[in-house]
Amino acid sequence: MLGIKNYGSSSESDTEAEEGTNKSEEACDNRNSMSHLKPVDPALSLAKSLAICAAPHVVPMGATAVSRTIDPTVKEVMYNPKFEELYAPIQGPENPNLTEQMRAPRNTLSGYVEKAHINAFEFENQRRTFHTYGYALDPTVDEAADGKSFVGDLQSAYNDEGKTVFESPKPKKKRKQDKNDNPEDIEGFVGPWGKYKDEQSVARPNEQEKAELEEILAKRHRRNRIVEDKPLEEKSVLHIKDAYDYQGRSYLHAPHDLGINLRSTSAPNKCFLPKAHIHTWTGHTKGISSIRWFPQTAHLLLSGSMDCRVKLWEVFGERRCVRTFSGHRQAIKDIAWNNKGTKFLSASYDRYIKMWDAETGEVISRFTARKMPFCVKFHPDNNKQHLFVAGTSDKKIICWDTRSGDIVQEYDRHLGAVNTITFVDENRRFVTTSDDKSMRIWEWDIPVDMKYIADPTMHSMPAVTLAPNSKWLACQSLDNKIVIFSALNRFKMNRKKTFSGHMVSGYACQLDFSPDMSYLVSGDGDGKCYIWDWKTTKMYKKWQAHEGVCISTMWHPHEASKVVTAGWDGLIKYWD
């Protein structure tokens, strides 16, 4: 029992032993003092002395060397153990249920890692040797036990006897070079720039490389070329009986017998919401992509379609199809009138922009930059009607001169395809939007944007319309909203005016203002037509206009309540 008790230190045990000895001595003194009073039994006195002198607290030999054991399953130790305690062998019997993998020693979470050390110089030596010569010593083989073993290019290792880059670097084979370091020789001095012998200044591909290059170029040419084997027949068909009236005036002349002054420059006093469908123009075999009123009078309507044709329609009278213009190989993307209405441009996915005579139906000029034009517009000034700009798929805005057919200016700052071009500030500037989700403002004929508008919350705006008072820009944003920007100096977004409720994500739905700026009208991807109040941004009316996408809506500039819509169902509808 004495050896089972454990004491913290030898000093405490010695103190307690001394106290026990002192007590036994005091007891012996007391017995000696009382010995003359009564006789004492020697056996009894010996037993008592033994009982009293037997120290109950005995420190075993080597008590200070006894270490505490730590349970291997414990997750937290409440004291700072010594190294011998922490890494002591596990006490107790071995678990017979452990597998060999569980019984294997582990010094990491994933297993056992042997301790190894290699000199930093030796490691760098072998790394450079492998990088230079392609071989190095095998680090998994003990060199002292099994000679030299290599990894990598074994043949080179045996040829070089395993020498490293620091032992015997391979001599470099120097190419012979023309030298003339004499500065007095003005004509023949080459200095360090002398050519090597057998050096070719122009790289010439071999026969195999030639065949591969020709194949690549042929594929690229087939993919990007415009088929010009057979010239496309550019023609126009007149659908009305007489192209001229009894006074010799063509259909471009606005009628006078309508009770409406189509030449008026003032807008109607008050506009009203359309209520009924009054007419449908049919004739296109595929969806409509763009429609435009005839300049100023709006007695004719021009439409470009995905069936590669442009058609001209009457707005008043019998509302007939006047003429069809055919001359593109692929779908029409955009159309634009000049100021007088005698000519118009058609931009197509076949990478051509063609200028047509609206009266005779002939093609006047053809323009191409080998890229797809996404929008096209004449310069609005009367003295600059020979210039037009086009936004292309290769991020550029290109300006052509129709008189010479040459490109006179390029505006190349956008990071994506250019979708819209809108002239502002009395035509001294123009605003462009792009797939890069930005808006840029340009001074005319200066190829550096004067202002760049981009915000992390902005989306691509593929349709932009200038307000009749030229103060605001209405932009169709692809987050299903119409956002308004100031068209004056700062071009700041008006965050109080946001029109929403329609679904236009993925479609460039053209929008328009009413002539008196009371309403804003737009189509959407579901074929509906929406009308909002301009001041309050409240939605006043919506109705199902087309079966497909309602891609374009326009308010008649002289009629108070008439709206035209065009859709991907190939129909153009008139509403009053």
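Each value in this text was obtained by applying a stated rule to the coordinates, not by laboratory testing. Here the structure is a predicted model, which is why all the values come from computation and not from measurement. Every residue, glycine as well, gets a Cβ built from its backbone with ideal geometry; the counts of neighbours run over all protein chains shown.
Can you put Y87, Y349, Y251 in order of Cβ neighbours within 10 angstrom, beginning with the fewest? Present the calculation step by step, with values, prior to reporting the outcome.
Numbers: Y87 9, Y349 18, Y251 22.
If I rank by nearby Cβ atoms, fewest first, I get Y87, Y349, Y251.
Going Cα to Cα from K497, which aspartates and glutamates come in below 14 Å? Please leave out same-chain ones fewer than 8 positions away.
Within the straight-line limit of under 14 Å, K497 reaches these aspartates and glutamates: D533.
What is the gain in length, in nm to one decimal, between R204 and I118 on full extension, counting 0.36 nm per residue of separation less the C-alpha to C-alpha distance? Mind showing how you got there, number by number?
Values: separation 86, 0.36 × 86 = 30.96 nm, distance 4.94 nm.
Once the chain is fully extended between R204 and I118, it gains 26.0 nm.
Name the lysines eligible as straight-distance cross-link partners of K176: C-alpha to C-alpha under 26 Å, and not fewer than 8 places from it in the same chain.
Within the straight-line limit of under 26 Å, K176 reaches these lysines: K195, K197.
Amide H of R413: which non-local residues (sequence gap of 5 or more, or other chain) have their own amide H closer than 5 Å, using H built in the peptide plane?
I397
Read phi for every residue in the range 311-322 and hand back ³J(HN,Hα) as whole Hz from Karplus 6.51 cos²θ - 1.76 cosθ + 1.60, θ = phi - 60°, with x for Gly and Pro.
10, 10, 10, 7, 9, 10, x, 7, 6, 8, 7, 7
Near the amide H of C375, under 5 Å away, which other amide H atoms are found, from residues 5 or more places off or on another chain, if H is placed in the peptide plane?
G391
Can you list residues from other chains, or at least 5 along the same chain, whose modelled amide H is less than 5 Å from the amide H of K562?
The answer is H556.
With a cut-off of 8 Å between alpha carbons and a minimum separation of six or more residues, what is the relative contact order of the range 260-326 in percent?
Numbers: 92 pairs, mean separation 15.8, N = 67.
Here the relative contact order equals 24 percent.
Checking the cross-link filter: which aspartates and glutamates have an alpha carbon closer than 15 Å to that of K179, excluding same-chain neighbours under 8 positions apart?
Leaving aside aspartates and glutamates fewer than 8 places away in the same chain, those within reach of K179 are E187, D198, E199.
Using the structure shown, select from K219/K395; K333/K538; K286/K471 the pairs with a Cα to Cα distance greater than 28 angstrom. Could the numbers behind the result be given before it?
Working: K219/K395 24 Å; K333/K538 32 Å; K286/K471 36 Å.
Among K219/K395; K333/K538; K286/K471, the Cα-Cα distance tops 28 Å for K333/K538; K286/K471.
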